[in-house]
Amino acid sequence: MDHGRLDPDLGPSVGSHRHGDSTHAVAQAVRREAMVAQAAESPRAAQRRVLILGGVAGGASCAARLRRLDESIEIVVFDRGPYASFANCGLPYYVGDVIQDERALLVASPEIFRIRFDVEIRTETEVTAIDRAARTLTVRDVRTGEVRRERYDALVLSPGAAPIRPPLPGIDLPGVFAVRSIPDSRRIRDWITARCAKTAVVVGGGFIGLEMVENLVHRGLGVAVLEKLPQVMPPLDPEMAAPVMHHLTERGVRLHMSDGLARIEQTPDGSVVVVAESGARLPTDLVILAIGVRPETELARAAGLAIGPHGGIATDAQMRTSDPAIWAVGDAAEVHDVLTGQETVLPLAGPANRQGRVAAESIVGRSTQFRGVQATSVVGILGMTVASTGASEKGLARAGIDGFAKVYLHPGHHASYYPGARPIHLKLLFSVPDGRILGAQAVGTEGVEKRIDVIAMAIQLGGTVHDLAAAELCYAPQYGAAKDPVNLAGMIAQNVLAGDMPLADWTALSLTDALLVDVREPDEFAGGKVPGTINVPLSQLRERWTELPRDREVWVTCGVGQRAYYAARFLAQQGFRVRNLSGGFSTYRAMRAAGIVS
Ligand SMILES: Cc1cc2nc3c(=O)[nH]c(=O)nc-3n(C[C@H](O)[C@H](O)[C@H](O)COP(=O)(O)OP(=O)(O)OC[C@H]3O[C@@H](n4cnc5c(N)ncnc54)[C@H](O)[C@@H]3O)c2cc1C
């Protein structure tokens, strides 16, 4: 008898059927008896056979879900690596020694899969070809070189995405690493220890690059980042990335922006020099390549499966490929972006897991659909949290979408009177005039991802800024405010939609003949101001408003936009044509740092 099928720790669907639904239990027992009889004649020969290529996020979740849905299927997972179901997201922290025991990265072993789920995981087994006509895979044992053919009734492709390694001189030198697997991270750890490495250059300032930065700094290395774009964290708009860059610099990370990798040279002492396209030379003990990933589609292409416009395997809402017997999930699959309506590839673990589940449901004949992605993500960088969901402003521009507005706000992560409130820099994008939420980005130290998660859920439910304004969220002084930053974002956007707070665009500063009025107190104004502004503090506005000219528009600003809003409402009711520069001086500083305003 199979231990896995008796294990009380099986997933909820099997457990509840066993205890709750006696009809189902009988049916299952009959099916099992039939299976046992069949197996006695010809073990597994007549069973439906599902093969899964790739045993990590998408593949493993598909396998586990499949078993919970159907005990009669034979499930075999192939992974060419030495481990399946490991935590790739934990790899940077293993390099950084935050996770010290490598075994902690192993989410579930082949043994657990066998005992709990009766799923066979074959590691170090590479799939080398798909024969769609014969419905077979060619697989090669990586250790022995033995080649076999495996038949399938259904095939799931979850091969992931490979780190991009541009064919540049020196890219394969010792000391140049990418991070994808446990052995990769082990090699980096060993290199740091053996060489007593003191410095590292991380090429690429995206998620994985910056997680590596954090962990290398944690290991005590001096770290430089070489990034081709003028900003880190490409999913963010540049002004939202500016505080991240400031934070990195403050923490001693050297940023080489707007400069690509040209080559890597070896020095006689065994260390390397990263040479940038500008000619800058960065001597270092090790190099981490984190310039993005590319969907692993070679096998799918060779098998003639349709490939999408972004180079991923084309899939439908049930994760089925152009071949009805083959599904594709995870980083290799192309999926639908719910905000832009366009196809995209999104290498994140959450979508990969959910897609694996959807594919399993589809394989057993359920109609479950994957609803698409909106790129909800978070990353921690040396004490700073950066999170976003939905479309960015530049993403909307790329997709040719206009008719939207944006607001900036910088509320504390909890009530300002409770000690330790830290600002969250938040940008909200929404469509005009219906207020549908299009995206949000937030940067801060505390409570950042909580706000983005709430907004992410609102987007998934088709929510508007009115829903954010009305949201009932938890509050106690140490966690939030009676008007949570999410409520505030919605209320500010509502004010814009209602015409209560017309906005001025920061990028129009140099073009406008409007009078720029800063309503902060004089000492704040003296500490830094938007060029061309005059200072009329809010505390004096009710006495001094008659000084302002009526024949020009008035653009008001302050520290974060709140006092400017009060001033704007007052002046509007005195008959002025008034606009608020959203986000105040905080946003101006970020815009200037990003080179958007001068
Ligand atoms: C360092 C790092 C940190 C990350 N951090 C985060 C994070 O914090 N949050 C987040 O959401 N996402 C993160 N990700 C991304 C996340 O890990 C991926 O999106 C997710 O693992 C994708 O799942 P997948 O099943 O598509 O591919 P993978 O998990 O990459 O699994 C694919 C597997 O297929 C195997 N394979 C490929 N081709 C073959 C073949 N021909 N034969 C046999 N086996 C094959 C590979 O060896 C691999 O084990 C991180 C990724 C990395 C590398």
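The values are calculated or read from the model by the stated rules, or taken from the named source; none is laboratory data. From a predicted model like this one, the values you see are computed outputs, not experimental measurements. Cβ: placed from backbone, ideal geometry, glycine included. Neighbour counts: every protein chain shown. Ligands, DNA and RNA are stripped out before the accessible areas are found, and what is left, the full protein with its side chains, is counted by its heavy atoms. Shrake-Rupley method; radii C 1.70, N 1.55, O 1.52, S 1.80 Å.
State yes or no: is Q441 out of contact with any Pro (no Cβ under 9 Å at 6 or more places or on another chain) and polar (S, T, N, Q)?
So Q441 fails the test.
With touching a strand residue (DSSP E or B) at 6+ places or on another chain (Cβ under 6 Å) and hydrophobic (A, V, I, L, M, F, W, C) as the only criterion, which of V373, V358, V454 stands out? Exactly one of V373, V358, V454 is touching a strand residue (DSSP E or B) at 6+ places or on another chain (Cβ under 6 Å) and hydrophobic (A, V, I, L, M, F, W, C), namely V373.
Scoring P309 on the criteria (1) open to solvent by 10 Å² or more (accessible area, probe 1.4 Å); (2) within 14 Å of the ligand (Cβ to nearest atom); (3) not hydroxyl-bearing (S, T, Y) leaves a single failure, condition (2).
Scan segment 287-294 and give yes if some residue there is farther than 18 Å from V225 by Cβ and either within 11 Å of the ligand (Cβ to nearest atom) or open to solvent by less than 40 Å² (accessible area, probe 1.4 Å) (or both), otherwise no. There is no residue in segment 287-294 that is farther than 18 Å from V225 by Cβ and either within 11 Å of the ligand (Cβ to nearest atom) or open to solvent by less than 40 Å² (accessible area, probe 1.4 Å) (or both).
Taking D70 as the residue in question, decide whether it is of a type outside the set (G, A, S), open to solvent by 20 Å² or more (accessible area, probe 1.4 Å), near the ligand (Cβ under 9 Å from one of its atoms) and modelled with pLDDT of 95 or more.
Spelling it out, it is not the case that D70 is of a type outside the set (G, A, S), open to solvent by 20 Å² or more (accessible area, probe 1.4 Å), near the ligand (Cβ under 9 Å from one of its atoms) and modelled with pLDDT of 95 or more.
Matching residues to (1) within 16 Å of the ligand (Cβ to nearest atom); (2) within 16 Å of the chain's Cα centre (by Cα):
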| residue | (1), (2) |
| --- | --- |
| P324 | no, no |
| V335 | yes, yes |
| V345 | yes, yes |
| A352 | yes, yes |
| G356 | yes, no |
| V364 | no, no |
| T368 | no, no |
| R371 | no, no |
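Answer yes or no as to whether V244 is away from the ligand (no atom under 14 Å from the Cβ), open to solvent by 20 Å² or more (accessible area, probe 1.4 Å) and in a helix (DSSP H, G or I). Full working, then the answer.
Working: away from the ligand (no atom under 14 Å from the Cβ): yes; open to solvent by 20 Å² or more (accessible area, probe 1.4 Å): no; in a helix (DSSP H, G or I): yes.
So V244 fails the test.
Does R143 satisfy being within 16 Å of the ligand (Cβ to nearest atom), part of a strand (DSSP E or B) and surrounded by fewer than 19 Cβ atoms within 10 Å (Cβ to Cβ)? No; evaluated as a whole, the condition is false for this residue.
Can you tell me how many residues within segment 282-334 are in a loop (DSSP other than H, G, I, E, B), touching a strand residue (DSSP E or B) at 6+ places or on another chain (Cβ under 7 Å) and closer than 28 Å to S367 by Cβ? Count: 14. Against the condition charged (D, E, K, R), surrounded by 23 or more Cβ atoms within 10 Å (Cβ to Cβ) and either more than 10 Å from the ligand (Cβ to nearest atom) or under 21 Å from S85 (Cα atoms) (or both), how does D331 come out, does it pass? The answer is yes for D331. Among the residues of segment 81-108 satisfying the criterion of being more than 14 Å from the ligand (Cβ to nearest atom) and in a loop (DSSP other than H, G, I, E, B), which is nearest to the chain's Cα centre (by Cα)? It comes out as D97. Listed by first and then second residue, the pairs linking a residue in segment 171-186 that is assigned to a helix (DSSP H, G or I) to a residue that is of a type in the set (D, E, K, R), with Cβ atoms under 8 Å apart and 6 or more places separating them unless they lie on different chains, are I182/E102; R186/E102.
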